[in-house]
Amino acid sequence: MSLKTISLYSKPTGCQQCIAMKRSLNKTGVEYHVIDATTDEARELLAGLGFMQAPVTLVHDADGNLIDSFSGFRPDKIEAFTEDPLVPRVTKDTALSNA
């Protein structure tokens, strides 16, 4: 079974929706990776996808293909992640890196 990868592009400070998204993902046990949305590389990538505000969540399949993307705090999407057997769950190591 091939798992999906969830990347959360978030501002390091001053973004209430970023904080809410991280807090909710942490509560659900969904594994995700946080990327600083304020770097030049991240801003260029996100602008190329049509996103202008953080947070932005990108979901890739096991082959690295972008299969979903959205911005803002989206409880509906978080709920869908918890029900998706292809979304990995947090291990001890990933829980510490997203704290």
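The values are calculated or read from the model by the stated rules, or taken from the named source; none is laboratory data. Fair warning: this is a prediction, and the values are worked out from it, not measured in the lab. As a convention, Cβ positions derive from the backbone with ideal geometry for all residues, glycine included, and neighbour counts pool all protein chains shown.
When each of Asp76, Asp61 is tested for being farther than 19 Å from Thr91 by Cβ and without any contact (Cβ under 8 Å) to a residue 12 or more places away in the chain, the lone residue that passes is Asp76. Filtered by the rule that a residue be surrounded by 17 or more Cβ atoms within 10 Å (Cβ to Cβ) and either in a loop (DSSP other than H, G, I, E, B) or of a type in the set (Ser, Thr, Tyr) (or both), the stretch 75-94 gives Val87, Pro88, Val90.
Residue pairs whose Cβ atoms lie under 8 Å apart, sitting 6 or more positions apart in sequence or on different chains, and linking a residue in the stretch 23-41 that is among the aromatic types (Phe, Trp, Tyr) to a partner that is surrounded by 13 or more Cβ atoms within 10 Å (Cβ to Cβ) and not in a helix (DSSP H, G or I), are Tyr32/Ile6; Tyr32/Ser7; Tyr32/Leu8; Tyr32/Thr57; Tyr32/Asn98. Restricting attention to the stretch 1-19, the residues that are at pLDDT 95 or above, aliphatic (A, V, I, L, M) and surrounded by fewer than 16 Cβ atoms within 10 Å (Cβ to Cβ) total 1.
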